[in-house]
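Data first, discussion second: the structure below is written as structure tokens.
The values are calculated or read from the model by the stated rules, or taken from the named source; none is laboratory data. Since the model is a prediction, treat every value here as computed from it, not as a measurement. Counting neighbours? That spans all protein chains shown, and the Cβs are built from the backbone with ideal geometry, glycine included. Note: areas computed on protein heavy atoms with side chains; ligands, DNA, RNA excluded. Shrake-Rupley method; radii C 1.70, N 1.55, O 1.52, S 1.80 Å.
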Amino acid sequence: AFLNSFKKPIWLINTARGKSVVTEDLAEALKSGKVLGAGLDVLEYEKSSFENLFSGDLPIAFQFLIDAENVLLTPHVAGWTVESK
């Protein structure tokens, strides 16, 4: 409902919390053109990083994001700075 509430297509960036964006909903919005592209530093199914997310087949929606040319995935590093290290 949130993604469909925009009158024009949007770019979506999530560096906050993974559960803020439902991956299946994002994949559908990308397919429909409602979302032009996405930058994701967090995912709804991650614990603390993208490492070891799954021990088998990836969810279809996540595989779509990996394959999409208009999606950028980063390994949960948006808050990392020289000072935080």
**Request:** Mind listing just one residue for me: the one in the stretch 33-60 that is modelled with pLDDT of 95 or more and in contact with a Leu (Cβ under 9 Å, 6 or more places away or on another chain) and, of those, farthest from F6 (Cα to Cα)?
**Result:** G39
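Name every residue in the stretch 12-41 that is open to solvent by 60 Å² or more (accessible area, probe 1.4 Å) and of a type in the set (S, T, N, Q), in order of residue number.
From the stretch 12-41, those open to solvent by 60 Å² or more (accessible area, probe 1.4 Å) are 13, 15, 17, 19-20, 22, 24-25, 28, 31-32, 36; that's our starting set.
Selection gives T15, S20, S32.
For (1) farther than 11 Å from L65 by Cα; (2) in a loop (DSSP other than H, G, I, E, B), each residue gets a yes or a no:
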{"position": "A1", "(1), (2)": "yes, yes"}
{"position": "N4", "(1), (2)": "yes, no"}
{"position": "K8", "(1), (2)": "yes, yes"}
{"position": "I13", "(1), (2)": "yes, no"}
{"position": "A16", "(1), (2)": "yes, yes"}
{"position": "E24", "(1), (2)": "no, no"}
{"position": "K31", "(1), (2)": "no, no"}
{"position": "A38", "(1), (2)": "no, no"}
